[in-house]
Amino acid sequence: MTCARAAGDYQKDWVRGLRDRIKGGEPFAFVNADTPHEIFHHMDVPMVTNQWWSALIAAKQLAPHSFDRMAEMGYHAHLPRYSSLPLIAALDAEPERQPWGGLPAPSLLCARQSSDEHQKIFQLWSEATGAPLHLFSAPGIPDPQPDWFDAARDDWEAFYGTERLDLTVAEIEVLIAALEDLTGRPFDRDGFAAYMDAIDRQERIIGEIADLIAAAPKCPMRIGEQMPNVMIPQWHRGSDWAISHAEAFRDEVAGRIDRKEWVCPDERIRMMWIGAGLWFDTSFYTAFEESHGAVFTWSMYLPFAADGYIRADHGDPVRALAARISAMNEQLHQPPWINAWMVREAKRNRIDAALMLVPEHDRFSGLGTLFAKHALEEAGVKVIEIRSDMVDPRDWDREAMVARVSGALDAW
Amino acid sequence: MPESAAERLERAFAAKAEGAVMDAPRIGIFGDGLPDALVTAAGAVPLDIKASPDGVRPDPRVAPFVEPFMDRFAAGFLHRLAAGAFDGFAGLVFARDDTAGLTAYQYALELRRIGILPDGPPLHLWNLLHTDSAPVHRFNMSEAARLDAFLSDTTGHGFREGLEHALEVESRRLDAVERLALAGLPARTEFTWRNAGRWLGPEDHAGLIADAIGAATASSPGPVIGLIGSASIDPALYDMLDRIGRLSVDLQPYGHVWPAAHAGGPDLDGLIRAVATNPLHPRAAPAGCYRAALTERLANCDVVVAYCAPHEETLGWDLPSLSAALAAKGVPVVDLGFLPANPHDDWLAAAEARIRAAARVPA
């Protein structure tokens, strides 16, 4: 059994357990991806992540109905979709059209104001369910340095700024107090230090895997297989299972490289997928292997584990967590961070071509893409833009898109 | 023949930042959230750089980096920056909590960093967060200190010594603007004259308004109209509303929220608290306070007109609930959909017909 299968099985068991806990009436939190999940994990508060739930709805091909309903509810057609799909599905009140038959009302909501829409979407959730909303502020970084992937790992105090970190720490403490009230349990600070240390260990292992794949002569694992292997442990980061799985994942990748087991033995074009997943059509990632020897060897999820999560604790794990989340989403999308990171990753992975998902209705993800495109082209990478959406398939014409990408790859 | 006060106000409005000739150092401000008094206290003149004059030409160096779904104001600013519209300014400040402010700042910074645009006026990001918690206030005060240092570097003066006087001047300007709002002038006139102050010194602005009001013509009576939408600086929309009734509550970012949003407090602490806790800001937290404030302010209108910029991501989430809340109070909301960049006659005529029908005003 491959470790991706093992991760999938673990996730299915975990999801069943989570669903049973939630359906059994246990309080749970509904949170955005760029919030401090570590606090919820450490206090054993069941948690559903907005973007994970959104991807799940899309993967089950349930999104078109919700987006049609979104228009009927009066929300205009250019509003963001990835972060709003779960809300719309919930407001639609047709549980049979949602995974698990829908979610019960959460006990707490948590979002970060990284993008204008997040507080609005979560406010609507709060009004619909009565759950209190915890908002994290997201002040901009005045002097963004391009090399965040190196600089922020250790000297994050200087990188993110003391005042910004003071603010985020204070807001984390408010969340901790709320969860103490919700659970009736105190926050174990010593245990949290050990937990944060375990997360760093896990992310270092995943960083080794990213290095292995980058250095391998050919791609040993498709991104469709990388994603569950890295993201499922990420949802459980710092747990014994997650660390053990990360080790198994590393060993499997190393073994494939030793045995020269390549995804596409006739690999001729190495590609990167830029942006979040195409959750309603993940098989698209393999569409060009046979025809062009073109393999997606890179997506952001694997390398971001190390670059985005490792933050030396310097004796203050809550502050290290503040450093981790204080620009997490921004580093994935905004200049100069995204372009500098793309170029670093493209070079070390010997990338020939990049497919760039440009979600025009999710401005937070869509803006900055032309800087990344420019930087990659300057670095010798061919960039193909794909105007689509992570979770809305209504305008997706797979045949046409395969033809367009094939046309670009034909010229190789 | 000397230029009248009304003509001077109209000229300042039309010319925007590009036409503002000042003796004092000019500080460009992109987006609402930075109290003008902080800039005037430093001996400089704050000038809005978000709104473009007519006829901005796309710059070929910038165009390849502007996504088609970028906020229009941010895109227009970048093209103007490339064209040298702000050469000679002492500095440019961007309000992070403005819906387009962070994008405009990041793109300008990056276009310079990668060598597409040459260096020019220093850029500064102003992170005033819109809520009332103690940690946020501490953070906002640290941002004020950072701004003070920026102004000292760029204009030669910080804002602390001159703040008391600057707040008094702003208070007089606010009085003048409030008298303007009560003068019963056509919406287009009031909109133009009030916003002209974004490109005038506050004392000049107050004086010109006082002089101009006396010579102005009052609007004709009609239903009381409320307006809510994304930022728009186009008077054509106001001309159309003037044909229907009296615009009483204008809550789009270039509406009545300025300069009132920058008033308050006898000192720096009070001023920062007042701006941070003003609920009429889309990013105001707790998250529900913005819509609650909109509902309260619009509840006495006969009809509310709403629109959105094509790629906005804030107001669109509030509009259905706001419409429902107002409908429950008997106030119809006419959602005009996406506002074109330059509303043409057909669009305006169709909008007018819909508003007239909702307000029961025959053509």
In the range A:123-154, the residues losing 20 Å² or more of accessible area (1.4 Å probe, heavy atoms of protein chains only) relative to their chain alone are A:Gln123, A:Leu124, A:Glu127, A:Leu135, A:Ser137, A:Ala138, A:Pro139, A:Gly140, A:Pro142, A:Pro144, A:Pro146
Options A:Leu370, A:Val381, A:Leu355, ranked by Cα towards positive dipole end of the range A:328-412, top entry (Cβ charges)
A:Val381
The extension gain from A:Asp190 to A:Asp211, computed as 0.36 nm times the residue separation minus the Cα-Cα distance, is 4.3 nm
Extension gain from A:Ala128 to A:Glu290, taking 0.36 nm per residue of separation minus the Cα-Cα distance:
53.5 nm
From the protein chains alone at 1.4 Å, what is the descending order of accessible area for A:Lys373, A:Lys23, largest first?
A:Lys23, A:Lys373
Whole-number D in µm² s⁻¹ for the range B:5-155, Kirkwood Cα-pair radius fed into Stokes-Einstein, 20 °C, 1.002 mPa s:
134
I'd like the residues of the range A:365-405 whose 1.4 Å-probe accessible area shrinks by no less than 50 Å² going from the isolated chain to the full set of protein chains.
A:Leu367, A:Leu370, A:Phe371, A:His374
Using a probe radius of 1.4 Å on heavy atoms only, what accessible surface per residue do you get for the range A:237-334? Whole Å² is fine.
31
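Using the Kirkwood radius over Cα pairs, work out the Stokes-Einstein diffusion coefficient for chain A at 4 °C and 1.567 mPa s, in µm²/s as a whole number. Don't skip to the answer; put the middle values down first.
Details: Rh = 21.9 Å.
Estimated diffusion coefficient is 59 µm²/s.
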Principal axes of the range B:268-363: Cα extent on each, largest first, Å
50, 31, 23
For B:Phe30, tell me the accessible area in Å² from a 1.4 Å probe, rounded to the nearest 10.
0
Could you list the square roots of 5 times each eigenvalue of the Cα gyration tensor of the range A:186-311, that is, the equivalent ellipsoid semi-axes, sorted largest first and rounded to whole Å?
30, 15, 11
Along the charge dipole of chain A, Cβ charges K/R +1 and D/E -1, which of A:Gly277, A:Ala312, A:Ala178 sits furthest on the positive end?
A:Gly277
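For A:Thr162, A:Thr183, A:Thr369, what's the largest-to-smallest order of accessible area, 1.4 Å probe?
A:Thr162, A:Thr183, A:Thr369
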Please give the helix B:187-196 orientation as an angle from the longest Cα principal axis of chain B, in degrees from 0 to 90, rounded to the nearest 10.
0
Average accessible area per residue (Å²) across the range B:5-155 - probe 1.4 Å, nucleic acids and ligands excluded:
33
Highest to lowest packing among A:263-273, B:17-27, scored as the average C-beta count within 10 Å
A:263-273, B:17-27
Between the range B:92-115 and the range A:323-352, the alpha-carbon center distance in angstrom:
18
When the Cα centres of the range A:250-309 and the range B:193-257 are compared, how far apart do they sit, in Å?
57
With A:Met47 itself left out, Lys, Arg at +1 and Asp, Glu at -1 over residues whose Cβ is under 14 Å from its Cβ give -1
Nearest 100 Å², what total accessible surface is buried between chain A and chain B (probe 1.4 Å)?
4300
Spin-label model distance (nm) - B:Arg11 vs A:Ala177, 7 Å beyond Cα toward Cβ
5.7
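Against the globular-protein guess of 2.2 N^0.38 Å, express the Cα radius of gyration of the range B:123-275 as a ratio, rounded to two decimals.
1.19
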Ignoring ligands, DNA and RNA, the residues of the range B:45-70 whose accessible area with a 1.4 Å probe is reduced by 40 Å² or more relative to the chain alone are B:Phe65, B:Glu67, B:Phe69
Within the protein assembly as shown, what whole-number % of the accessible surface is contributed by carbon and sulfur, with the 1.4 Å probe and all protein chains included in the calculation?
51
Sorted on mean Cβ neighbours within 10 Å (highest first), peptides A:335-346, A:84-95 come out as A:335-346, A:84-95
Mean separation of Cα contacts under 8 Å (at least 6 apart) over the residue count of chain B, i.e. the relative contact order in percent, is 18
On Cα atoms only, tilt of B:345-359 relative to the major axis of chain B in degrees
60
Of the peptides B:107-120, A:207-220, how do they stack up when ordered by the mean number of other Cβ atoms within 10 Å, highest first?
A:207-220, B:107-120
With a 1.4 Å probe and every protein chain left in place, work out the accessible area per residue of the range A:1-150 in Å², rounded to a whole number.
34
Using a 7 Å offset from the Cα along the Cα-to-Cβ direction at both A:Trp396 and B:Ser171, what is the distance between the two label points in nm, to one decimal?
6.0
What's the average, rounded to a whole number, of partner chain beta-carbon atoms within 10 Å of each residue's beta-carbon in A:71-80?
5
Taking only complete DSSP H runs, can you tell me which helices of chain A stretch 20 Å or more along their own long axis by Cα positions and average at least 0.0 on the Kyte-Doolittle scale?
A:162-183, A:189-215
Enter the per residue convex hull volume of chain B, computed from alpha-carbon coordinates, in Å³ rounded to the nearest integer.
138
Any idea what angle helix B:163-182 forms with the longest principal axis of chain B, computed on alpha-carbon atoms, 0 to 90 degrees, nearest 10?
20
Distance in Å, no decimals, from the C-alpha centre of the range A:95-128 to the one of the range B:314-358 is 27
Would you compute the Debye intensity of the protein assembly as shown from its alpha-carbon atoms alone, equal scatterers and no solvent, and pass along log10 I(q)/I(0) at q = 0.05, 0.06 Å⁻¹ to two decimals?
-0.27, -0.38
Just to be sure I understand the model, the point goes 7 Å from the Cα along the line to the Cβ. What's the resulting A:Glu247 to A:Ala151 distance in nm?
3.6
Proximal lysine pairs, the protein assembly as shown, alpha carbons under 19 Å, eight or more residues apart or interchain
9
Dividing the Cα convex hull volume of the range A:3-140 by residue count, how many Å³ per residue is that?
128
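The values are calculated or read from the model by the stated rules, or taken from the named source; none is laboratory data. Please read these numbers as outputs of a predicted model, since none were measured by experiment. Reconstructed Cβ throughout: ideal geometry from the backbone, glycine too, with neighbour counts over all protein chains shown. With ligands, DNA and RNA removed, areas are computed over all heavy atoms of the protein, side chains included. Shrake-Rupley method; radii C 1.70, N 1.55, O 1.52, S 1.80 Å.
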